[in-house]
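One structure is given here, and the rest of the page talks about it.
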Amino acid sequence: MFKWLLRIFIAGAVAALLFVLVIAGIIFYYQRGLPGTETLSNYQPQVMTRIHAGDGRLLAEFAAERRVFVPINAIPKRVAWAFIATEDKDFFTHHGVDPRGMMRAALTNLMNFGSNRRPEGGSTITQQVAKNFLLGNEISFTRKFKELILAVRIDRTMTKEHILELYLNEIYLGGGSYGIAAAATNYFDKSLDQLTVAETAFLAALPKAPNNYNPLLYPDRALERRNWVISRMRQQNIISDEEAEQALASPLTLHSKPTTEVITADYFAEAVRRELASRYGENALYKGGLAVRTSLDPRLQRIAERSFRNGLLAYDMRHGYRGPISRGSIASLVKRLAETTPLPMPSSWSLAGVTRITSDTVEIALRVPGRPNQTTPAKIAWNDMLWVQSGEEEQLDTKGKVIKIQKPGDVLQVGDVILVEPMGGKTTPADAYQLRQIPTISGGFVALDPHTGRVLAMVGGWDYNQSQFNRATQAIRQPGSAFKPFVYMAALDSGMTPSTIVLDTPFVVEQEDGTKWNPANFGEKFLGPMPLRMGIEESRNLMTVRIAQSIGMDKVGDYAEKFGVVDRLPHYLASSIGAVDTNLMRMTTAFAMIVNGGKKIRPSLIDRVQDHDGRTIFKHDNRPCPGCSELSSSGQPPQIPDPRVQVVSPATAFQMVSLLESVVTRGTGAVIGGLRRPLAGKTGTTNDNTDAWFVGFSPDLAVGVYLGFDKPESLGEKETGSRNGAIVFRDFMAEALAGTPPIPFRTPPGIKMVKINPNTGKASNAAGSIWEAYKTGTTPGSGGEGSDTGGGGGGGGENDNDSSSVDGQY
């Protein structure tokens with residue numbers, strides 16, 4: 001009997017030894033290729049980059065994984081314990097692996113064998129860390145065995161708190177949220193310490209299968225899972241009975257971030273994204289957790305978008321209605337409304353179907369947002385859609401016959417799918433709508449601070465969802481007459497004055513290649529000898545070309561290049577009237593350098609960049625200020641040096657400002673003059689009216705706008721910068737500067753103001769005379785040929801040499 005017992009003992013011992021050896025061999029085999037846990041010790045989470053507007057509101061987020069890293073000591077204990085109670089209640093007592101949990105999972109998998117259910121793993125939090133960080137999501141026994149080995153290693157080398165920190169920041173919780181902080185913001189717009197018990201329980205319910213518990217898709221399932229977690233939290237004494245009852249009774253309600261806290265400026269945000277990727281690389285942009293403060297002014301951005309869109313709509317409406325989105329029977333109308341692809345349109349617009357047409361009304365059915373198969377009735381009055389008959393070009397039917405539009409039925413049919421917008425207004429009925437269509441014209445808009453170059457607003461087209469091409473920075477166009485100020489500044493620095501007489505008469509230029517070019521004025525009219533001011537005020541091509549020919553295109557090119565309009569100007573006379581390629585951002589920045597007194601600036605979208613540790617790695621304002629940390633002994637603030645390079649003298653810049661101001665008060669931009677505040681700028685219209693520009697400024701705000709088709713074609717015979725770009729500029733400035741006192745343009749030293757006759761350039765106090773800006777030593781004489789005594793004598797002149805007499809014609 002003893003021998004048998006001995007044999008059984010020896011056999012058991014051998015078997016146990018063999019089992020241990022086999023297990024050891026398996027462990028040895030699998031652990032050879034396992035990654036080390038050093039990766040976890042040096043873990044740098046993939047954190048999203050957040051872009052903020054100038055006032056701190058969120059503008060955009062860029063991330064490979066939407067995550068906000070929170071250290072374990074900043075995570076509320078109730079939140080951490082909710083996940084422990086749900087995922088691994090013995091987390092603080094086991095050694096990385098929970099044998100009882102593994103047995104429970106094995107029995108469950110055995111019962112589910114042959115079904116299509118995903119196998120359960122019985123994984124601890126430590127095992128999930130090993131899988132998420134080191135192994136991946138492969139479903140196999142090999143991966144599971146490696147996971148067990150790594151979990152034990154991790155538990156030996158790291159504290160429980162560190163493991164939990166990794167888990168809570170890495171785990172995916174649905175809705176594009178990685179980590180509990182991002183999920184709290186995404187689902188409830190709260191920080192972790194603001195979460196209620198019910199909200200905490202919902203987040204803790206998600207790790208097992210976040211998509212299966214999506215409350216928008218499966219509300220009942222999500223509520224049941226949340227309540228189960230609440231019960232677990234009560235069982236583990238994480239919450240009291242009263243807290244549990246209150247949480248179970250609360251509805252599962254999601255809260256998105258209020259629109260007042262989020263700014264939408266897609267073209268601006270994409271331009272920032274491009275700059276960050278170029279400066280720091282894609283990895284830092286999408287995984288580095290940068291905090292970026294931009295120069296965007298949300299108020300000006302909203303005004304810019306509204307003014308620019310209204311300008312595009314006004315142009316589009318002048319050229320008639322192009323027809324409905326689709327046509328069909330009334331029976332299929334609701335179905336076609338539901339199936340119509342979302343269109344790039346303002347949020348105030350709606351899709352509608354025409355249900356009935358009378359002689360003076362179109363009855364429509366509006367698609368209800370979020371409920372595509374439901375509609376609500378409304379109407380369009382004929383008087384509110386008269387623009388459909390005011391197209392400047394004749395509209396033809398399919399047979400080439402002119403369409404005469406006299407009533408709604410000449411434009412629309414029952415069953416048409418159209419775009420509409422509420423009429424608005426306190427006295428307008430709520431069901432009154434107006435007909436709309438998406439413009440085919442586009443363009444760009446830029447507003448920036450002329451003293452710093454900070455871009456305050458930018459619009460790159462009608463709608464970012466329609467086209468991501470940013471016409472403010474990427475569209476290469478010709479500015480037309482908006483280029484002329486750089487010719488005139490070169491002339492002012494070449495001995496001319498604003499009253500120098502220049503001939504506005506036809507002439508032919510023989511170019512370097514032997515061809516002849518005969519420039520012409522808009523409208524083919526000629527004014528004869530006129531002061532230089534008139535050339536810019538009325539945008540006279542012939543005067544500008546004569547000036548450029550006189551001073552030389554080398555000098556014109558020098559000014560265009562140092563103002564940043566182009567890198568290199570072709571030395572052809574045609575370049576002097578804007579036959580040169582540039583973009584809107586360059587032009588607006590160049591005009592900003594005129595009004596800031598001739599100081600060099602560079603446009604900037606980003607004020608500051610901080611890395612994920614909060615260190616500032618970029619600042620737009622790099623001016624040294626050794627005394628900024630404390631006031632001087634006199635109590636006066638320190639003097640900060642101005643590092644900006646002087647591009648032209650302040651006197652020349654001011655003379656150009658004065659000339660451009662007369663464009664607004666009396667010239668091609670006179671439509672802006674009604675605002676009755678100091679504004680200046682220049683219209684621009686390219687050959688065949690292909691593009692319509694206006695670039696200008698107030699003393700502290702520079703603005704540029706152009707309108708044109710992406711595939712260049714004529715805008716129409718009367719569609720000039722005066723009619724398009726200037727209107728957008730006017731509407732923007734009217735709202736942007738509303739409520740602020742008019743600030744005059746700042747006059748620098750070295751300027752003398754003299755009253756002259758604007759038509760002759762001679763000193764005059766007669767009715768209709770204007771104040772002219774002269775550099776010291778260039779003012780006209782007070783008598784003789786240099787003065788005009790008609791009506792009031794020449795008492796306004798200065799006793800300096802007259803460089804503007806007819807004898808000095810150009």
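For the pair SER348 and ALA64 in one chain, pulling the backbone fully straight at 0.36 nm per residue adds 99.0 nm over the alpha carbon distance. Zone of VAL645 (label point 7 Å along Cα→Cβ, backbone N under 17 Å): which residues in the stretch 442-465? Of the residues in the stretch 442-465, 452-453 have backbone N under 17 Å from the label point off VAL645. Kirkwood-type hydrodynamic radius, the stretch 548-700: 18.4 Å, calculated from all non-identical alpha-carbon pairs. The Cβ shell under 13 Å around LYS379 holds other residues with a net charge of -3, Lys and Arg each +1, Asp and Glu each -1. Counting charges near ASN596 (Lys, Arg +1; Asp, Glu -1) among other residues having Cβ under 11 Å from its Cβ returns a value of +1. The heavy atoms of ARG540 offer some 20 square angstrom of accessible surface to a 1.4 angstrom probe.
Estimated from the Cβ-Cβ distance and a Förster radius of 45 angstrom, the FRET efficiency linking THR341 and SER550 is about 0.20. Sorting the segments 542-554, 277-289 by their residues' average number of neighbouring beta-carbon atoms within 10 angstrom, most packed first, yields 542-554, 277-289. For the residue pairs LYS77/LYS208; LYS599/LYS775; LYS484/LYS562; LYS287/LYS619; LYS600/LYS775; LYS190/LYS619, the C-alpha atoms sit more than 25 angstrom apart in LYS190/LYS619. Here the relative contact order of the stretch 669-733, from alpha carbon pairs under 8 Å that lie six or more residues apart, stands at 36 percent.
Put a dot 7 Å past the Cα of ALA249, heading toward its Cβ, do the same for THR93, and the two dots end up 3.4 nm apart.
Calculated FRET efficiency, SER240 and VAL334, Cβ-Cβ r, R0 56 Å, to nearest 0.05? Intermediate results must be reported in sequence, preceding the final value.
Numbers: r = 53 Å, r/R0 = 0.94.
In this case the efficiency is close to 0.60.
Extension gain, LYS562 to PHE709, is 50.0 nm, computed as 0.36 nm per intervening residue step minus the present C-alpha separation.
Between LYS208 and LYS752, the contour length at 0.36 nm per residue exceeds the Cα-Cα span by 187.9 nm.
Considering the zone a paramagnetic label at VAL368 would reach in this model (a point 7 Å from Cα along the Cα-to-Cβ line), which residues of the stretch 334-357 have amide N under 20 Å from it? Hits in the stretch 334-357 for VAL368 at 20 Å: 334-342, 348-356.
The protection proxy used here, the mean number of other Cβ atoms lying within 10 Å of each residue, ranks peptides 713-719, 266-272, 770-776 as follows, highest first: 266-272, 770-776, 713-719.
Packing-based ranking of 241-253, 596-608, 685-697, 505-517 yields 685-697, 596-608, 241-253, 505-517, ordered from highest to lowest mean Cβ neighbour count within 10 Å. Using the Cβ of HIS451 as centre and a radius below 15 Å, the other residues enclosed give a net charge of +1, where K and R count +1 and D and E count -1. Using the Cβ-Cβ distance between ARG100 and LYS619 with R0 set to 51 Å, the FRET efficiency from 1/(1 + (r/R0)^6) comes to roughly 0.35. Computed on protein heavy atoms with a 1.4 Å probe, the accessible areas place GLU87, GLU224 in the order GLU224, GLU87, largest first. Label reach from GLU510 (point 7 Å along Cα→C-beta): in the stretch 536-569, amide nitrogens under 19 Å belong to 546, 549-550, 552-553.
In this simple spin-label model, placing a label point 7 Å from the Cα along the Cα-to-Cβ direction at both ASN383 and ASP55 gives a separation of 3.8 nm. Suppose the Debye formula is applied to equal point scatterers at every Cα of the stretch 50-96; what is log10 I(q)/I(0) at q = 0.18 Å⁻¹? Per q value, in the given order, log10 I(q)/I(0) is -0.76.
The values are calculated or read from the model by the stated rules, or taken from the named source; none is laboratory data. Keep in mind it's a predicted model, so treat the numbers as computed, not measured. Every residue, glycine as well, gets a Cβ built from its backbone with ideal geometry; the counts of neighbours run over all protein chains shown. The protein model used for the area step is the full one, side chains on, heavy atoms only, and it has no ligands, DNA or RNA in it. Shrake-Rupley method; radii C 1.70, N 1.55, O 1.52, S 1.80 Å.
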